[in-house]
Amino acid sequence: MLFDILTLFPAMFEGAFSDSIIKRAVEKGLVSIGIRNIRDYSSDARHQTVDDYPYGGDAGMLMKPEPLASAIAAARERFRAIGKSPTVVYMTPAGRLLDQNIVKELAKRETLVILCGRYKGIDQRIIDKYVDIEVSIGDYVLSGGEIPAMALVDAVTRLIPGVLGNMDSAETDSFHSGLLSHPQYTRPEVFEGVSVPEVLLSGHHANIREWQKRKSLEITRERRPDLLDRHCGD
Ligand code: ADE
């Protein structure tokens with residue numbers, strides 16, 4: 001999977017992608033993440049202006065279309081050179097709410113351009129002309145699309161074949177089957193007077209699976225009944 005992230009704050013990504021699973025995925029060559037500074041695509045070399053006042057007189061500033069169009073063109077060109085046509089994702093609170101189904105869909109693409117907005121958003125003509133999907137990570141407003149982009153890259157990367165070993169397989173993740181995951185325990189067997197549930201110590205695999213499934217359903221019913229309607233049943 002090749003990512004190309006367009007942002008006004010490239011430094012924000014340095015820490016996020018330099019550890020753990022994403023770092024290993026990059027080292028193994030399963031994922032490549034390019035970070036492009038939108039400011040470098042401003043036509044105004046002196047001030048590198050990337051924002052302007054909105055028509056209509058609303059408060060706040062918008063990201064100007066020209067630097068965004070140029071940055072998207074540069075990302076597309078990078079992929080065209082290797083025969084790929086990317087899906088362009090714009091991170092915005094007005095987008096489709098990110099869930100594991102969208103993550104699975106995006107993980108099937110080979111190349112993703114992720115556009116991070118700042119200020120009050122971006123000129124609508126960029127969305128209309130260049131964006132394939134608008135994605136939100138939740139019903140709250142962040143200062144920009146960078147943190148949402150990190151969440152998206154992380155969730156998609158976990159699904160790339162070979163990224164996760166058996167130890168942290170995606171199959172045991174919450175949401176993989178559409179349910180929240182069951183409670184988990186590690187040693188010691190008794191912690192502050194509370195024991196690990198008996199069944200987990202039994203070594204009886206069928207009973208353990210049955211308990212995990214039941215707990216998973218119970219927790220999902222209690223916390224996220226909306227997920228049960230969409231549950232795929234495996
Ligand atoms: N930009 C600001 N807030 C956001 C959110 N909740 N999701 C995606 N992009 C955003």
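Read-outs: derived from the displayed coordinates by stated rules, not from any lab. Since the structure is predicted, the reported quantities are computational estimates derived from the model, not experimental observations. Here the Cβ is made from the backbone with ideal geometry for all residues, glycine too, and neighbour counts use every protein chain on show.
Can you list which of the trypsin sites (Lys or Arg not before Pro) found in region 1-89 are DSSP loop residues with at most 12 other C-beta atoms within 10 Å? Could you put the intermediate results ahead of the total?
Details: sites: Lys23, Arg24, Lys28, Arg36, Arg39, Arg46, Arg76, Arg78, Arg80, Lys84; in loops: Lys28, Arg46, Lys84.
Counting only loop positions with at most 12 other Cβ atoms within 10 Å, the trypsin sites (Lys or Arg not before Pro) in region 1-89 are Lys28, Arg46.
Do the sum for the chain: with -39,500 (n - 2.57) for every DSSP H run of n ≥ 4, divided by all residues, what is the mean residue ellipticity at 222 nm, to the nearest 500 deg cm²/dmol? Could the numbers behind the result be given before it?
On the way: 9 runs with 85 residues, N = 234.
-10500 deg cm²/dmol, from helical runs alone.
Provide the gained length on full extension for the span Ser181 to Glu222, in nm with one decimal, where the gain is 0.36 nm per separating residue minus the Cα-Cα distance.
Difference between extended and current length: 13.5 nm.
Given R₀ = 41 Å, what would the calculated FRET efficiency be for Ala69 paired with Arg24, taking r from the Cβ atoms and rounding to 0.05?
Details: r = 35 Å, r/R0 = 0.84.
Calculated value: 0.75.
Express in nm, to one decimal, how much length is gained between Ile160 and Leu201 on full extension, taking 0.36 nm for each residue of separation and deducting their alpha carbon distance.
So the extension gain works out to 11.4 nm.
Name the shape class, rounded, prolate or oblate, that the alpha-carbon gyration tensor gives for region 28-107, where a ≥ b ≥ c are the square roots of its eigenvalues, rounded holds for a/c under 1.5, and otherwise prolate holds if a/b is larger than b/c and oblate otherwise.
Cα axes put region 28-107 in the oblate bin.
Figure the gain on full extension for Ser32 and Ala11 (residue separation times 0.36 nm, minus the Cα-Cα span) and round it to one decimal in nm. Present the calculation step by step, with values, prior to reporting the outcome.
Numbers: separation 21, 0.36 × 21 = 7.56 nm, distance 1.68 nm.
That pair, Ser32 and Ala11, stretches by 5.9 nm at full extension.
Any chance you could check the Cα centroid distance between region 107-186 and region 10-59 for me, in angstrom?
The distance from the Cα centre of region 107-186 to that of region 10-59 comes to 16 Å.
So, in nm, how far is label Ala59 from label Ile133 when the simple model puts each one 7 Å beyond its Cα toward the Cβ?
With each label placed 7 Å out from Cα toward Cβ, I get 3.4 nm.
Output wanted: per-residue J couplings in Hz (rounded whole) for region 137-142, from phi through Karplus 6.51 cos²θ - 1.76 cosθ + 1.60, θ = phi - 60°, x for Gly and Pro.
9, x, 7, 8, 10, 9
How large is the charge dipole for region 1-111, taken about the Cα centre, if only the Cβ atoms of Lys, Arg (+1) and Asp, Glu (-1) carry charge, to the nearest 20 debye?
Magnitude of the dipole: close to 500 debye.
Any idea what the relative contact order of region 3-127 is, in percent, if you count C-alpha pairs under 8 Å spaced at least 6 apart? If you can, show how the numbers build up before the last one.
Working: 163 pairs, mean separation 39.6, N = 125.
Over region 3-127, the number comes to 32 percent.
For the chain, the longest stretch holding no chymotrypsin sites (Phe, Trp or Tyr not before Pro) located in a DSSP loop with at most 15 other Cβ atoms within 10 Å is which?
Excluding the exposed sites themselves, the longest stretch runs over 56-139.
With a cut-off of 8 Å between alpha carbons and a minimum separation of six or more residues, what is the relative contact order of the chain in percent?
Relative contact order here is 20 percent.
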